[in-house]
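Some notes on the structure that comes next.
The values are calculated or read from the model by the stated rules, or taken from the named source; none is laboratory data. Computed from a predicted structure; not experimentally measured. Because the Cβ atoms are built from the backbone with ideal geometry, glycine has one as well, and the counts that use them run over all protein chains shown.
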Amino acid sequence: MAENPERNQEALEPTEAPFGWRFALRALRSRNYRLFFGGQSISLIGTWMTRLATAWLVYRLTGSAFLLGMVSFAGQVPTFILGPFAGVWVDRWNRHRVLVGTQVSSMIQSLWLAALALSNRITFHEIFALSVFQGVINAFDMPARQAFLLQMVESRDDLPNAIALNSSMVNGSRLLGPTLAGLVIAAWSEGYCFLIDGLSYLAVIASLIFMRIAHGEVVRKREGVVDEFRQGWRYVSRFKPIRSILMLLALVGFVGMPYTVLMPVFAQKVLDGGAHTLGFMMGATGVGALVSAIALAVRKSVLGLGRVIPLSAMAFGAGIIGFSLSRWLWLSLILLLVSGFGLMQQMAASNTILQTITDEEMRGRVMSYYSMAFVGTAPFGSLAAGYVADRLGAPTTLLIGGILCIIGAGLFWRELPLIRKLIRPIYRKLGILPEVAVGVQVASNLQTTVER
């Protein structure tokens, strides 16, 4: 009697439907990841408070959209310049120790910012310099954090869920942080936001210290830094799936992400609001991103995420186009929710696929290019957006950016069949594709039949 692949596939499925909160939170079964999730959740609330407070403080001091872009540029351009080399070092160093060092450094930066602001001695130039300092820290922190993720989860199968939970954590704090910042600024001043942020780093530092890290992790020095840099570049530039994902991320980072830099302009001049309006707008983006991350957390597999990447980039582009044309707060909040949803879908789906198909020895370098593509290109986009906004206006600037995002997503969609073809052998090797599991089951059944 012929085997029915569909029935064999059903036999391979768990008896209980893999949905619900337990399934969505399965990465938290790992003690180290659970510690990191708790500590980072607290710290990120402070981080988002500082981001909003910095933007509001710069705009209050200068009244210039261009200088808003300059501060964003200062905070993110180190990732573009140092990112690829930082990835080489992340692949050489102990990633756990790197993270402890970057978190302590970030705490010092926030407390320094707080001291200047609370003493009423802060100037634009000091904000600019401290933003550069934080950018240098982030150039090492982001690839180290992404590469260390696999070491925090006890099962590789939980990696996609951990990435989705990271996104949920970032965007849950993105929802709370700006809202709290708006309230703190309205009641006191920006300096208290910086102070809260500095103290919040104690939670993530403690979580890292209490982790149980296997001493078997030995970071080997292999070839020269320049040689390993070249290896990383060849790896990401010659494999089309990685190259295409990074190129779309870079495009969205350059022309789309500056919408966050121009938010104070929209809050004050377009929507006639204040700091609380800016908090609501950032919060709406966070709600959309949080919903997106939760949707990704309940996924059973990475299959289908390739299609998610261009569709989410299109949704993001459409959202910021609508936002650029809106003159009503309620409509702007809805459109920002759509934008946040689309942006997070693209980021998390891209991250998950890259982490899945990347060789372990290249993980730090690939994730440094991931950070460089998205965060590293954003400062150039912010600088350009600030320049264009001063001349054409913030709404026109975002309109152009949204259109370019949709065009880029369309080009990625056209290449998707080839990308899938190249990724498929890796998925087969990892046992991700369903037909592999079916084939194994069919072979097992046939072997049993022969033995009988």
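Within region 329-350, the set of residues being over 22 Å from Leu404 (Cβ atoms) and touching a residue at least 24 places away in the same chain (Cβ under 8 Å) comprises Leu329, Leu333, Ile334. Taken together, the criteria exclude Met263 from residues that are modelled with pLDDT under 80 and out of contact with any strand residue (DSSP E or B) (no Cβ under 8 Å at 6 or more places or on another chain). In region 77-94, is there at least one residue being part of a helix (DSSP H, G or I), surrounded by 20 or more Cβ atoms within 10 Å (Cβ to Cβ) and at pLDDT 85 or above? Scanning region 77-94 turns up no residue that is part of a helix (DSSP H, G or I), surrounded by 20 or more Cβ atoms within 10 Å (Cβ to Cβ) and at pLDDT 85 or above. Assessment of region 406-417 against the conditions (under 15 Å from Ser72 (Cβ atoms), out of contact with any Phe, Trp or Tyr (no Cβ under 7 Å at 6 or more places or on another chain) and surrounded by fewer than 24 Cβ atoms within 10 Å (Cβ to Cβ)) yields no matching residue. Note on region 29-63: residues that are touching a Lys or Arg at 6+ places or on another chain (Cβ under 8 Å) and buried (at least 24 other Cβ atoms within 10 Å of the Cβ) total 1.
Please indicate, with yes or no, whether at least one residue in region 140-155 is assigned to a helix (DSSP H, G or I), touching a Gly at 6+ places or on another chain (Cβ under 7 Å) and basic (Lys, Arg). No, region 140-155 has no match at all.
Residues are listed down the side, and each one gets a yes or a no for (1) out of contact with any Leu (no Cβ under 8 Å at 6 or more places or on another chain); (2) more than 30 Å from Val136 (Cα to Cα); (3) not in a helix (DSSP H, G or I):
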site	(1), (2), (3)
Gly381	yes, no, no
Ala385	no, no, no
Asp390	yes, no, no
Thr396	yes, yes, no
Ile407	yes, yes, no
Pro417	yes, yes, no
Arg420	yes, yes, no
Ile423	yes, yes, no
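Taking the listed residues Asn171, Asn161, the one that is in a helix (DSSP H, G or I), within 17 Å of the chain's Cα centre (by Cα), at pLDDT below 85 and more than 14 Å from Gln40 (Cβ to Cβ) is Asn161, with no other qualifying. The lone criterion from (1) in contact (Cβ under 8 Å) with a residue 40 or more places away in the chain; (2) buried (at least 17 other Cβ atoms within 10 Å of the Cβ) left unmet by Ala267 is number (1).
Here Gly232 does not qualify as in a helix (DSSP H, G or I) and crowded, with 24+ Cβ neighbours inside 10 Å. If you scan region 108-142, which residues turn out to be buried (at least 22 other Cβ atoms within 10 Å of the Cβ) and either farther than 26 Å from Trp188 by Cβ or over 23 Å from the mean Cα position of the chain (by Cα) (or both)? Those that are buried (at least 22 other Cβ atoms within 10 Å of the Cβ) and either farther than 26 Å from Trp188 by Cβ or over 23 Å from the mean Cα position of the chain (by Cα) (or both): Leu113, Ala114, Ala117, Ile127, Gly135, Asn138, Ala139, Phe140, Asp141, Met142. Just wondering, is there one or more residues in region 321-337 that are of a type in the set (Lys, Arg) and within 25 Å of Val287 (Cβ to Cβ)? Checked against the condition, which is being of a type in the set (Lys, Arg) and within 25 Å of Val287 (Cβ to Cβ), region 321-337 yields at least one hit.
Annotation for region 318-341: no member residue is in contact with a Lys or Arg (Cβ under 7 Å, 6 or more places away or on another chain) and assigned to a helix (DSSP H, G or I).
Of all residues in region 313-328, those being free of Cβ contacts under 8 Å to residues at least 40 places away in the same chain and under 19 Å from the mean Cα position of the chain (by Cα) number 1.
Restricting attention to region 345-368, does a residue exist that is over 25 Å from Phe66 (Cβ atoms), among the aliphatic types (A, V, I, L, M) and at pLDDT 90 or above? Within region 345-368, not a single residue is over 25 Å from Phe66 (Cβ atoms), among the aliphatic types (A, V, I, L, M) and at pLDDT 90 or above. State whether the residues of region 257-278 include one that is of a type outside the set (Val, Ile, Thr), touching a helix residue (DSSP H, G or I) at 6+ places or on another chain (Cβ under 6 Å), in a helix (DSSP H, G or I) and farther than 20 Å from Leu329 by Cβ. Checked region 257-278: at least one residue is of a type outside the set (Val, Ile, Thr), touching a helix residue (DSSP H, G or I) at 6+ places or on another chain (Cβ under 6 Å), in a helix (DSSP H, G or I) and farther than 20 Å from Leu329 by Cβ.
Examine region 300-308 for a residue that is without any contact (Cβ under 8 Å) to a residue 60 or more places away in the chain, assigned to a helix (DSSP H, G or I) and surrounded by fewer than 24 Cβ atoms within 10 Å (Cβ to Cβ), and state whether such a residue exists. Scanning region 300-308 turns up at least one residue that is without any contact (Cβ under 8 Å) to a residue 60 or more places away in the chain, assigned to a helix (DSSP H, G or I) and surrounded by fewer than 24 Cβ atoms within 10 Å (Cβ to Cβ).
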